[in-house]
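Working notes, structure below.
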Amino acid sequence: MIDINSTALILVGYQNDYFAANGILRGVVEEAERVNRTLDHTMELVTHFAPSDLTIISTPIILKPDYRALANSVGILDTIKQVGAFKEGTFGAETIPELLAFADRITYVSGKVGFNAFALTNLEEVLKERKIKNLLVAGMVTSLCIDSTGRAGYERGYKVTILSDCTSARTRVEQDFYCSHVFPLYGDVATNLELKEQMPIAGLTARALAA
């Protein structure tokens, strides 16, 4: 069992540029339906745990219009700069409305400008303040921000669980590879249903809550 009071759900990249139908980076994932399923499973999880004591944290990436943080970037970060994604003040950088509906139930940590949600943010300070020991990681993209954030959490002494059906990689093969061969090297992998069973609310199992 996972202690809900010492656990935080870290939401990575739940922004319009990834999840909106017209998002600039919507096409990063080969099959659009996989993005939809990732969002659906994530919202099921957030809705389920919103009434509980689970800490829920969103870590959006928001970049200045001049992309100063990516001045010497290469690869996907350079692509983000070239296409104008996650630019401060734009629709694409905004948090998706599905999360905004939960208002202040979700804590927002700003400052993320790269893959790792710990880098240049006060995420670790927030976790320490709330005496968090376990991290659940969800979002986009599996091989980049999810892996970087998961590893960083592990290196800081947290017990990490990657939520396999609340994350998306660029391809199905890439998703399967990371969930089967990479994440188990430093953490656990679980679906949102498995997590509900491992982390009951008020002593009830997920099956009992659903009954």
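The values are calculated or read from the model by the stated rules, or taken from the named source; none is laboratory data. Note that the structure is a prediction, hence the values are computed from the model and not measured. Using ideal geometry, Cβ is built from the backbone for each residue, glycine included, and neighbour counts are taken over all protein chains shown.
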Check: Looking only at residues in segment 18-36 that are in a helix (DSSP H, G or I) and of a type in the set (A, V, I, L, M, F, W, C), which one is surrounded by the most Cβ atoms within 10 Å (Cβ to Cβ)?
Finding: F19
Notebook entry, point to check: Tally time: how many residues in segment 48-69 are surrounded by fewer than 14 Cβ atoms within 10 Å (Cβ to Cβ) and aromatic (F, W, Y)?
Noted result: 0
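Table: residues versus (1) within 15 Å of Q15 (Cβ to Cβ); (2) touching a Phe, Trp or Tyr at 6+ places or on another chain (Cβ under 9 Å).
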{"site": "E44", "(1), (2)": "no, no"}
{"site": "T47", "(1), (2)": "no, yes"}
{"site": "P51", "(1), (2)": "no, no"}
{"site": "I62", "(1), (2)": "yes, yes"}
{"site": "Y67", "(1), (2)": "no, no"}
{"site": "I80", "(1), (2)": "yes, yes"}
{"site": "T90", "(1), (2)": "yes, no"}
{"site": "I96", "(1), (2)": "yes, yes"}
{"site": "A103", "(1), (2)": "no, no"}
Notebook entry, point to check: Before we move on, is L39 buried (at least 22 other Cβ atoms within 10 Å of the Cβ) and of a type outside the set (G, A, S)?
Noted result: no
Notebook entry, point to check: Looking at (1) part of a helix (DSSP H, G or I); (2) over 22 Å from I2 (Cβ atoms); (3) touching a Ser or Thr at 6+ places or on another chain (Cβ under 9 Å), which is the only condition T121 fails?
Noted result: (1)
Next item on the list: Residue by residue through segment 56-95, note down the ones that are assigned to a loop (DSSP other than H, G, I, E, B) and among the hydroxyl-bearing types (S, T, Y).
Entry: Y67, S73, T90
Note to self: Residues that are assigned to a loop (DSSP other than H, G, I, E, B), within 13 Å of D17 (Cβ to Cβ) and touching a residue at least 24 places away in the same chain (Cβ under 8 Å): does segment 96-111 have at least one?
What the structure shows: yes
Item checked: Residue within segment 97-116 that is charged (D, E, K, R), touching a helix residue (DSSP H, G or I) at 6+ places or on another chain (Cβ under 7 Å), surrounded by 18 or more Cβ atoms within 10 Å (Cβ to Cβ) and within 15 Å of L144 (Cβ to Cβ) present -> no
Checklist line | Some residue of segment 46-55 being more than 27 Å from Y158 (Cα to Cα) and in a strand (DSSP E or B) | finding: no
Margin query: With within 15 Å of the chain's Cα centre (by Cα), under 30 Å from A69 (Cα atoms) and hydrophobic (A, V, I, L, M, F, W, C) as the only criterion, which of V126, V109, V182, V189 stands out?
Written below: V109
Check: What are the residue pairs meeting all of these: first residue in segment 37-54, first residue without any contact (Cβ under 8 Å) to a residue 40 or more places away in the chain and β-branched (V, I, T), second residue surrounded by fewer than 19 Cβ atoms within 10 Å (Cβ to Cβ) and not in a helix (DSSP H, G or I), Cβ atoms under 7 Å, and 6 or more apart or on different chains?
Finding: none
Check: Looking at (1) modelled with pLDDT of 95 or more; (2) under 27 Å from Y158 (Cβ atoms); (3) assigned to a loop (DSSP other than H, G, I, E, B), which is the only condition M1 fails?
Finding: (1)
Item checked: Sole residue being under 22 Å from T142 (Cβ atoms), buried (at least 21 other Cβ atoms within 10 Å of the Cβ) and among the hydrophobic types (A, V, I, L, M, F, W, C), chosen from L77, L45 -> L45
